[in-house]
């Protein structure tokens with residue numbers, strides 16, 4: 001006669017004692033938790049795989065970036081302001097500085113032709129004095145107001161470590177469409 005599985009289990013429990021019973025109980029409790037967590041991980045992996053496949057498909061449908069480069073360049077140049085807008089840009093810079101409490105001294109203004117392109121660059125170099133937060137707010141305001149301006153150079157200095165006033169030298173480049 002073959003012993004039943006229960007007999008074998010009772011023998012093992014009697015032989016190994018309460019640690020075996022505790023181990024079996026923990027294994028019985030851990031099994032559903034492990035499978036429940038694995039289902040969530042499988043679902044996340046499937047979602048990530050589907051998102052990656054959708055991204056690959058979208059990239060495959062995009063046109064070649066070099067194919068219409070000339071038309072994009074022409075569109076960019078068409079959106080640039082003409083040379084008359086340079087005076088307006090200078091007014092915006094000075095008005096914004098006054099609003100933020102930044103004192104501007106007499107600066108350098110140069111109109112440069114960019115070689116090999118249909119662009120002009122109006123380079124504006126200004127010495128400025130003010131508190132550091134005011135200088136940052138002024139520069140951010142100018143960059144947000146004028147989309148074709150770039151901050152080329154910024155140098156800061158103070159008279160003393162604890163001084164709140166900062167002396168700055170700011171160089172802007174305002175890009176224009178050449179006539």
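Restricting the search to helices (runs of 4 or more DSSP H) fully inside region 47-152 and requiring at least 1 residues that are loosely packed, with under 13 Cβ neighbours inside 10 Å and not assigned by TED's automatic domain parsing to the domain that holds residue 171 gives 69-79. Taking the criterion of being modelled with pLDDT of 75 or more, at positive phi and over 43 Å from the mean Cα position of the chain (by Cα), would at least one residue in region 21-39 satisfy it? No; the residues of region 21-39 include none that is modelled with pLDDT of 75 or more, at positive phi and over 43 Å from the mean Cα position of the chain (by Cα). Checking each residue of region 159-175 against the condition of being surrounded by 15 or more Cβ atoms within 10 Å (Cβ to Cβ), at pLDDT below 90 and either outside any helix (DSSP H, G or I) or over 20 Å from the mean Cα position of the chain (by Cα) (or both) gives at least one match.
The values are calculated or read from the model by the stated rules, or taken from the named source; none is laboratory data. Note that the structure is predicted; figures quoted are calculated from it, not measured. A quick note on method: Cβ atoms are made from the backbone with ideal geometry, for glycine too, and the neighbour counts reach across all protein chains shown.
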